[in-house]
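*Asks:* Starting off with a structure, shown below.
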Amino acid sequence: MKNLAGKKALILGIASNRSIAWGISESLKNHGAELAFTYQNEKLKERVEKLAGECGSDIVLPCDVSVDGSINQMLEKLSGRWSEFDILIHSLAFAPKEELEGNYIEKTSKDGFIQAHSISSYSLLELCQEAQPMLKGTNPSVISLSYLGAVRGMPNYNVMGVAKASLEANVRYLAYAMGENNIRVNCISAGPIKTLAAAGISDFRKMLDHVEKNSPLKRNVTIQQVGDTASFLASDGASGITGQTIYVDSGFNIIGMPSID
Ligand code: 0WD
């Protein structure tokens, strides 16, 4: 069913065809949305252009959210093609690799803490501030990506968990602030998925095995499953949902204890 026909979506955070943002792009496209993309740096440009082409899009713009003015410049360029759009996907995060292992109190630096929060959480606020005038249409929807480490203590996830807690609070405050313009803001808390960003997290393979063994559904999630949930949140069918963290994690977040056997 093409329930996103006529909607336009801007997607930030594609680094490869394993990226969660790519699963979201394919799903949005399959549901009828028109897409535009950003890439973080020149190294990723060609790859993102190729993936955009697969979705029938030739709107591919540079945007490094850590650079002052980059979001504004990207939206300025986008406005040359689209005067308004309906869906904004924020699927990016960063923390220094060396801080994503070991003991949180020993490993976390002030610079790493600020960088993780700035790129992984503040960027969503800046994007919403800048994009709000362009987010029009029947039921505009902003979607970000979080992880269970925002609300639970996790090995190795460290400063990124604290940044994700900030992101989830950010989503609630943005939902509150943008609600008066009928803009909804939600995030999807995804189970672990092997992507480039995940490769930076120590013992990631063990996390995948643990979820497969212990989640209610006894399997890991795919970027397609996350993508289809994003498509739902972006659709008019989700017009009553805002400020939420929706778990797409095979139910792992509800368990109180791992399997006994
Ligand atoms: O298990 C996972 N993979 C999970 C990821 C579980 C739950 C949540 N997430 C989140 C991540 O924290 C992130 O917010 O999903 C989001 C997307 O992550 P991903 O799809 O796992 O990762 P990846 O394919 O690497 O794409 C993220 C991209 C970056 O890739 P690299 O690997 O080069 O860091 O985010 C982009 C970058 O392209 N990114 C930026 N984009 C613009 N400006 C910036 C930046 N400063 N920094 C990173």
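*Asks:* Of everything in region 51-74 that's near the ligand (Cβ under 10 Å from one of its atoms) and free of Cβ contacts under 8 Å to residues at least 24 places away in the same chain, which residue is farthest from ASN3 (Cα to Cα)? Working first, answer last.
*Replies:* We begin by selecting, within region 51-74, every residue near the ligand (Cβ under 10 Å from one of its atoms); these are 62-67, 70-71, 74.
Now narrow it down to the ones that are free of Cβ contacts under 8 Å to residues at least 24 places away in the same chain: 67, 70.
On the way: VAL67: 35, SER70: 32 Å.
Residue satisfying both the conditions and the ranking: VAL67.
*Asks:* Looking at ALA169, ALA234, ALA230, ALA163, can you tell me which residue is without any contact (Cβ under 8 Å) to a residue 40 or more places away in the chain and among the aliphatic types (A, V, I, L, M)?
*Replies:* On the way: ALA234 fails: without any contact (Cβ under 8 Å) to a residue 40 or more places away in the chain; ALA230 fails: without any contact (Cβ under 8 Å) to a residue 40 or more places away in the chain; ALA163 fails: without any contact (Cβ under 8 Å) to a residue 40 or more places away in the chain.
That would be ALA169, the only listed residue that is without any contact (Cβ under 8 Å) to a residue 40 or more places away in the chain and among the aliphatic types (A, V, I, L, M).
*Asks:* Still on this structure: Where residues in region 25-41 are near the ligand (Cβ under 9 Å from one of its atoms) and crowded, with 20+ Cβ neighbours inside 10 Å, which of them is nearest to HIS90 (Cα to Cα)? Full working, then the answer.
*Replies:* Taking region 25-41 as the starting set, the residues that turn out to be near the ligand (Cβ under 9 Å from one of its atoms) are 38-41.
Retained after the next criterion (residues that are crowded, with 20+ Cβ neighbours inside 10 Å): 38-40.
Numbers: THR38: 10, TYR39: 12, GLN40: 12 Å.
Top of the filtered list is THR38.
*Asks:* Go through region 174-194 and count every residue that is more than 17 Å from PRO140 (Cβ to Cβ) and out of contact with any strand residue (DSSP E or B) (no Cβ under 6 Å at 6 or more places or on another chain).
*Replies:* The total comes to 4.
*Asks:* Is one or more of the residues making up region 47-60 under 19 Å from the mean Cα position of the chain (by Cα), under 21 Å from MET160 (Cβ atoms) and either basic (Lys, Arg) or buried (at least 21 other Cβ atoms within 10 Å of the Cβ) (or both)?
*Replies:* No, there is no match, as no residue in region 47-60 is under 19 Å from the mean Cα position of the chain (by Cα), under 21 Å from MET160 (Cβ atoms) and either basic (Lys, Arg) or buried (at least 21 other Cβ atoms within 10 Å of the Cβ) (or both).
*Asks:* Is it fair to say ASN170 is away from the ligand (no atom under 15 Å from the Cβ) and either of a type in the set (A, V, I, L, M, F, W, C) or out of contact with any Gly (no Cβ under 9 Å at 6 or more places or on another chain) (or both)?
*Replies:* Numbers: away from the ligand (no atom under 15 Å from the Cβ): no; either of a type in the set (A, V, I, L, M, F, W, C) or out of contact with any Gly (no Cβ under 9 Å at 6 or more places or on another chain) (or both): yes.
Spelling it out, it is not the case that ASN170 is away from the ligand (no atom under 15 Å from the Cβ) and either of a type in the set (A, V, I, L, M, F, W, C) or out of contact with any Gly (no Cβ under 9 Å at 6 or more places or on another chain) (or both).
*Asks:* Can you tell me which residue is farthest from the ligand (Cβ to nearest atom) among those in region 95-142 that are free of Cβ contacts under 8 Å to residues at least 12 places away in the same chain and of a type in the set (A, V, I, L, M)?
*Replies:* ILE105
*Asks:* Would it be correct to say that ILE188 is in a loop (DSSP other than H, G, I, E, B), within 16 Å of the ligand (Cβ to nearest atom) and under 16 Å from SER91 (Cβ atoms)?
*Replies:* Numbers: in a loop (DSSP other than H, G, I, E, B): no; within 16 Å of the ligand (Cβ to nearest atom): yes; under 16 Å from SER91 (Cβ atoms): yes.
Answer is no for this residue.
*Asks:* Would you check if SER202 is in contact with a strand residue (DSSP E or B) (Cβ under 9 Å, 6 or more places away or on another chain) and either surrounded by 13 or more Cβ atoms within 10 Å (Cβ to Cβ) or of a type in the set (A, V, I, L, M) (or both)?
*Replies:* Values: in contact with a strand residue (DSSP E or B) (Cβ under 9 Å, 6 or more places away or on another chain): no; either surrounded by 13 or more Cβ atoms within 10 Å (Cβ to Cβ) or of a type in the set (A, V, I, L, M) (or both): yes.
So SER202 fails the test.
*Asks:* All but one of (1) within 25 Å of ARG184 (Cα to Cα); (2) in contact (Cβ under 8 Å) with a residue 24 or more places away in the chain; (3) part of a helix (DSSP H, G or I) hold for LYS77, so report the exception by its number.
*Replies:* (2)
*Asks:* Quick check on region 4-23. Is at least one of its residues within 14 Å of the ligand (Cβ to nearest atom), in contact with a strand residue (DSSP E or B) (Cβ under 7 Å, 6 or more places away or on another chain) and assigned to a helix (DSSP H, G or I)?
*Replies:* yes
FYI, it's all coordinate maths here, none of it is from the lab. Keep in mind that what you see is a predicted model, and the values were worked out from it rather than measured. Don't worry about glycine lacking a Cβ; one is built from the backbone with ideal geometry, like all the others, and counts go over all protein chains shown.
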